[in-house]
Amino acid sequence: MGEPASVDARADALTAGALGGDRRALARLLTAVENRTALAEPALRTLYPKAGRAHIVGITGPPGAGKSTLVSALIGELRTAGRSVAVVAVDPSSPITGGALLGDRVRMQAYADDDDVFIRSMAARGHAGGLASTTGAATAVLDAVGFDLVLVETVGTGQSEVEVAAAADTTVVLEAPEMGDEVQAIKAGLLEVADLVVVNKGDKPGAQRTAAQLRAMLVATGGPAVGRRADADSVDRPRPKRPEVLITTAATGEGVPELIAALDRHRASIAGMDAGPARLARAEAQVWAIVGDRLRDQLHAEALRATTKRTLSEVAAHRLDPYAAADELLARVVGDRSA
Ligand SMILES: Nc1nc2c(ncn2[C@@H]2O[C@H](COP(=O)(O)OP(=O)(O)O)[C@@H](O)[C@H]2O)c(=O)[nH]1
Ligand SMILES: [Mg+2]
């Protein structure tokens, strides 16, 4: 009988469910946000004002450093302290078939019955340039429904860690001893986004030495500093001081309470910075993504579709440069709106 529920009504139902602790509703909301379906907008409009209380922690580093193991150890320690925690695992491969994630799943089964733990994987694929906004929207949802901490695990092998750093209040860069030259190469880029540097696998020989090297590197470069990133085309993140270098053994939990204390200290150091650089960067990523979506929608709407296509064809044929084309398209939309 009756009409199918409107998008707004369905969004309201899911939002109310998620806020009331219904984990399936929460999962469906996150799917809507990740896929940017029509449900996402009304849901985020309701949820966004309720967010802003959680501590969003990004955990990045090379594959195999022990990020997932550390996340698991952090969950255990946080739960012992009575704090609720959500995890967003950004996996570059498919979220369903990713081998590493399967291992994570098994590991996380321990929390299957704990309502104060929520684990979600998200595919990084297909989000070029949009990872920060998608992650930002997902963490806003988890924040709004009341998790104390939201951990975002992401493989630090390229641009993704910079994007995820934009979505976090505190970014932890994880390293492991004896990871060779490959790590050297990754390090410089990764260290730039670090608020805390953690050498995991403290049980292995070389952990102390790796930590000492990292401290030396951070001293030599003066540590990440405000405005240091040369390619910064978005708001810079705060760099109140050189990142601490800690050692953990995620496999046994050693050093994990100290890591939590360091996370709390970092959080305290940025507290009150409601519109501080990290949050501005996150806001910027989300808003620009929506501005882009809105522009695209308008340019592909009935009235403009044909001219948009023609302009794009002109660029494809090299009769028009992309900048001139962008100006033309913008002028059409702005003209369209002000009419
Ligand atoms: N010896 C040792 N191994 C660890 C430690 N933490 C993680 N590992 C192992 O390192 C491997 C990669 O861990 P994983 O958490 O999947 O790394 P990720 O790719 O960074 O998420 C696994 O075999 C873990 O068991 C640790 O503290 N000590
Ligand atoms: Mg992992």
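All of the numbers you see were taken from the coordinates with simple rules; none came from a lab. This one's a predicted model, so the numbers in the text were calculated from it and none came from an experiment. Because the Cβ atoms are built from the backbone with ideal geometry, glycine has one as well, and the counts that use them run over all protein chains shown.
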Distance between modelled label sites at D12 and R265, nm, 7 Å Cα→Cβ extension: 4.9
If you plug each phi of the range 311-325 into the Karplus form 6.51 cos²θ - 1.76 cosθ + 1.60 with θ = phi - 60°, what whole-Hz ³J(HN,Hα) values come out, in order, with x for Gly and Pro? 4, 5, 5, 4, 5, 4, 8, 6, 8, 9, 7, x, 5, 4, 5
Calculate the spin-label point distance for L295 paired with L330, positioning each point 7 Å from the Cα along the beta-carbon direction, and give it in nanometres. 0.6
